[in-house]
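Here is the structure we will look at, set down as structure tokens.
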Amino acid sequence: MDRTQVVIPAADMARQRDFTNKLSELFRQRGGAPKAWVETYGCQQNVADSQRLMGMLRDMGCPFTGDPMEAGLIVINTCAIRENAENRVYGLLGRLVHAKEKNPNLIVCLCGCMAQQEVVAQKVRASYRHVDLVFGPQALWRFPELLYNVCTQHRRMFSIEEEHGSIAEGMPVVRESAVKAWVSIMYGCNNFCSYCIVPYVRGRERSREPGDILAEVRELVDQGYKDITLLGQNVNSYGKDLETPMDFADLLSEIDKIPGDYLIRFMTSHPKDAGDKLFQTMARCAHVARQLHLPVQSGNSRVLKAMNRGYTREQYLEKVRAARSAMPDLVLTSDIIIGFPGETEAEAMDTVSLVREVRYDALFTFIYSPRPGTPAARMPDPATREEKQVWFDRLLDAQNEISGQLHRSYVGQTVRVLVDGESGDARWPLSSRTNGGRLVHLRGDASLIGRYADVLITDSNTWALFGEVK
Ligand code: 5AD
Ligand code: SF4
């Protein structure tokens, strides 16, 4: 891809800011900016995108509400990774018919990965006529212009052209926490795992310039952020498309030089590109958390090949050994899919055995969901949903046992945590994270939020640790 066509020119970004200003003026003339409700589904990349949408809405003068019934402007940022996520969005759209009947001026926007699919756009066009604006992740930076057109031309807009994707620098952002921040370092995915819709909706891999990333991290550290997560669909292929190539490990080393009391996390790492250089760099960099999310997806080499993952079970296990030998205290997590088309019971049990062998700290587990347009959706899939559920439950039982054991081994230890927010549980009102990213619920008052604390772990369960500030 030609870089000059990837990075949006500053003049085009300035034009969008003009549309933001025009909207703010238009809203003023119409008696005030509408209250905005932004609902986000899916991954951290979507959370980060929503923070940019909120930045643009804030600059248009929109106040935010947590109640869709009170909103004059609704933005639904969707996920397409599994059918279940899509069904939840259709359910929400169905419920909003009533809101639009009550308030005909209500503006409903649908964006994100689901919106990028032609089949979805067609369905919305025909059956969800109360949706005013539909745009995919590639058009995010043009939200002010699209919304302006909806507001002035009083017609529905669909912006879901197939694009390889772009990089838009300098978008405004509303960060929802003063402690934790997301920084996208790259967009898109070139891997085409056979089950996955992401490469079709988020375009080709493109990396932000290291200078832009470093400037953003430096600014966040200056503002007092302490827990910064670098985001990309596959951070290990960072930099391959830059004019002066730089790899992800080098980027980590550069970020690590920024002085301050903060931690850098990152996700997601594809095992095929994660190697010794990354592990040694993580081990050496004081600001880089001892945490690695290394999705294996399956523990069976035949299934991995059918998934187009680019590694075998043995190669994956070798990487885990290398990572742990560089960082004995590494917290390791993974994603797993059970019930890939054609997977047998024995193959699914290979995944369970891999989980027992690796002993992950935590897992994100999914039952395979066919995504129209992907190669896997065309493969024969003889196992029934009930069978897959049985295999899935066995996987969960194995992982729960392991997580429970690993968590119990923290009890009695003192660990340093960053207090990052309120937990919503009156008995343990604060939530915090260890360096490795394990969740610790704490007793204490809100003044601790944003601070590091040494905590004695007194209790644990499968999902979390509990502790007292020392
Ligand atoms: N069905 C089930 N899970 C999926 N994932 C991606 N695509 C699918 C699918 N079609 C899972 C993978 C990925 C995570 C983000 O979602 O495990 O790592
Ligand atoms: Fe999907 Fe594979 Fe790309 Fe991850 S690496 S986004 S699973 S295609």
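Summary table below
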quantity: Candidate lysines - alpha carbon under 22 Å from K22, same-chain residues fewer than 8 apart omitted; calculated: K35
quantity: Angstrom value of the Kirkwood radius, inverse mean 1/r, which spans all Cα pairs in region 355-421; calculated: 15.2
quantity: Diffusion constant of region 341-388 at 10 °C, which comes from Stokes-Einstein with the Kirkwood Cα-pair radius and 1.306 mPa s, µm²/s; calculated: 128
quantity: At 1.567 mPa s and 4 °C, Stokes D of the chain from Kirkwood alpha-carbon radius, µm² per second; calculated: 55
quantity: Value of Rg/Rh across region 361-470 [Cα atoms, Kirkwood radius]; calculated: 1.17
quantity: Degrees, to the nearest 10: 313-326 long Cα axis against longest axis of the chain; calculated: 80
quantity: Rounded to 10°, Cα long-axis angle of helix 44-59 versus longest principal axis of the chain; calculated: 30
quantity: V183 long-range amide H proximity, modeled H, under 5 Å; calculated: T229, L230, L231
quantity: Kirkwood hydrodynamic radius of region 286-372, Cα pairs, Å; calculated: 13.6
quantity: Under-5 Å amide H pairs with V134, H placed in peptide plane, nonlocal only; calculated: L110, M157, F158, S159
quantity: Kirkwood Rh and Cα Rg combined as Rg over Rh, evaluated for region 180-334; calculated: 0.97
quantity: Hz values of 3J(HN,Hα) by residue in region 172-184 - Karplus curve (6.51, -1.76, 1.60), Gly and Pro given as x; calculated: x, 8, 10, 8, 8, 9, 9, 10, 10, 9, 9, 10, 6
quantity: Average accessible area per residue (Å²) across region 143-300 - probe 1.4 Å, nucleic acids and ligands excluded; calculated: 36
quantity: Euclidean distance between Cα centres, region 342-368 to region 220-277, Å; calculated: 28
quantity: Using alpha-carbon coordinates, inclination of helix 210-222 to the longest axis of the chain, degrees; calculated: 90
quantity: Kirkwood-Stokes translational diffusion coefficient of region 105-236, alpha-carbon pairs, 10 °C, 1.306 mPa s, µm²/s; calculated: 96
quantity: Reachable lysines from K257, criterion Cα separation under 24 angstrom, eight or more residues apart if same chain; calculated: K180, K226, K240, K277
quantity: The chain: Cys lacking any partner C-beta under 4.7 angstrom; calculated: C43, C62, C79, C109, C111, C113, C151, C189, C285
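The values are calculated or read from the model by the stated rules, or taken from the named source; none is laboratory data. Computed from a predicted model, the values in this text were never measured in an experiment. Note: ideal-geometry Cβ built from the backbone for every residue, glycine included; neighbour counts use all protein chains shown. Side chains included, ligands, DNA and RNA excluded: accessible areas come from the protein's heavy atoms. Shrake-Rupley method; radii C 1.70, N 1.55, O 1.52, S 1.80 Å.
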